[in-house]
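Structure first, then comments.
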Amino acid sequence: MSTLRNASARTAPVQAPDGPYEGNVVQLRARPHAHALRLTHLAALESEGVHVLRELAAEFERAVLLFSGGKDSIVLLRLAEKAFRPGRFPFPLMHVDTGENFPEAIEFRDRRVNQLGEQLIIASVQESIDAGRVSEETGPRASRNRLQTTTLLDAIAKHRFDCAIGGARRDEERSRAKERIFSFRDDFGQWDPKNQRPELWNLYNTRIHQGEHVRVFPLSNWTELDIWEYIQTENLDIPSIYYAHTRQTFKRDGMLYAYRQNQQLLPGEQPTTQTVRYRTVGDMTCTGAITSTATTIPQIINEITTTTTTERGQTRADDKTSEAAMEDRKKAGYF
């Protein structure tokens, strides 16, 4: 058998040994240095997310991916493309539509789904109200955000989904920091933070009984900054409201809300025109804007690197009703 005499010989053609490969020529190359094998931070997160998606596709029979048109679910869709293209996704997409979502996000949602050619299921809060499943709130502080839980659980039961994939991240809020990547839900759709399954060495327990399901969060270990850097790296399209724009707003409880038709104001509140953008996309009744002049992804990234407040802490009123507001909603079945 040929031997390598010096470093320069490592890239030279070498005759294969006698045997079934006689006459073939192989190319031997130097093993790359260890540091060349290391993934970048974003590549490691992407690899983990793709692994999680492929794992759940293999383990569950009827999965669904929640897609709202927000930045996190946009990244989820890109990970799904990398996990399953050129084939179709092994699950449909679903959006729980409150009827009070930002029009820009809804337009983007429909356009992106059409580009992908995937199935989109709309779970409508308005239909839940019409069916008497939930009661609509009234008054200046009325919101349909809380009503989403019933609509979501009804949709999961109707379609017999055993796995629901979401874009929640642990850095968003303290209760989400408690969440496992594969998070078990009982037959009432409820979450018990004190009864979670261990996830050692990236091994996931997917066993469930009939009526139970699992919520899966492939972006658990990502941060808001990671999301924006990945959007920039992958050159992903996003809804226009993530960029600075002029909008009529009003100030309430220290937050800027979008002023819209038939908006009920409290005494002393007055709509004004401001240049703002949104860090997160949710129901208009509980999602606040921030004053900003960022019109490009690099400018948004620069804003994120200097902020000391989480996106939900700064712009989501539904998390401010109590110290355990999000955890209480999650226990009841909220995503």
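Every number here is computed from the coordinates shown, using simple stated rules; none is lab data. If you're wondering where the values come from, they're calculated on a predicted model, not measured in any experiment. Because the Cβ atoms are built from the backbone with ideal geometry, glycine has one as well, and the counts that use them run over all protein chains shown.
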Can you list residues from other chains, or at least 5 along the same chain, whose modelled amide H is less than 5 Å from the amide H of N101? M284
Spin-label pair L39/N195, simplified geometry with 7 Å Cα→Cβ offset, distance in nm: 3.4
In whole Hz and in residue order, list the ³J(HN,Hα) couplings for the range 136-150 that follow from phi through the Karplus curve 6.51 cos²θ - 1.76 cosθ + 1.60, θ = phi - 60°; x for Gly and Pro. 6, 6, 10, x, x, 9, 4, 8, 9, 4, 5, 6, 4, 4, 5
Sparse-neighbourhood loop hits (chymotrypsin sites (Phe, Trp or Tyr not before Pro), the range 179-215; DSSP loop; Cβ within 10 Å at most 15 others) -> F188
Using +1 at the Cβ of each Lys and Arg and -1 at the Cβ of each Asp and Glu in the range 68-151, identify which of A142, N101, L79 lies farthest towards the dipole's positive end. L79
Karplus-derived 3J(HN,Hα), 6.51/-1.76/1.60, for each residue of the range 54-64, Hz, glycine and proline x: 5, 5, 5, 5, 7, 9, 10, 8, 9, 8, 8
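Could you put S68, S175 in order, starting from the residue whose Cβ has the fewest other Cβ atoms within 10 Å?
Neighbour counts put them in this order, fewest first: S175, S68.
Multiplying the sequence separation of K158 and E234 by 0.36 nm and subtracting their Cα-Cα distance, what value in nm do you get? Mind dumping the intermediate values first?
Numbers: separation 76, 0.36 × 76 = 27.36 nm, distance 3.54 nm.
Contour length minus Cα-Cα distance gives 23.8 nm.
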Q270 versus T307, label points 7 Å from Cα toward the beta carbon: distance in nm? 2.8
Taking amide H positions as placed 1.01 Å from N in the peptide plane, with prolines and chain starts having none, which residues 5 or more places from R252, or on another chain, fall under 5 Å of its amide H? Y257
For a quick protection proxy, order the peptides 79-85, 95-101 by their average other-Cβ count within 10 Å, most packed first. 95-101, 79-85
Fully extended, how many nm does the chain gain between I121 and D253 (0.36 nm per residue separation, minus their Cα-Cα distance)? 44.1 nm
Please give the FRET efficiency for T138 paired with A177, using the beta carbon to beta carbon distance and R0 = 30 Å, rounded to the nearest 0.05. 0.30
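Could you list the trypsin sites (Lys or Arg not before Pro) in the range 96-155 that lie in coil according to DSSP, counting only those with at most 14 other Cβ atoms within 10 Å of their Cβ? Intermediate values should be presented prior to the final figure.
Details: sites: R109, R111, R112, R133, R141, R144, R146; in loops: R133, R141, R144.
Hits after loop and neighbour filter: R133, R141.
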Per-residue ³J(HN,Hα) for the range 115-125, Karplus 6.51 cos²θ - 1.76 cosθ + 1.60, θ = phi - 60°, Hz, x for Gly and Pro: 4, 6, x, 9, 7, 10, 9, 9, 9, 9, 5
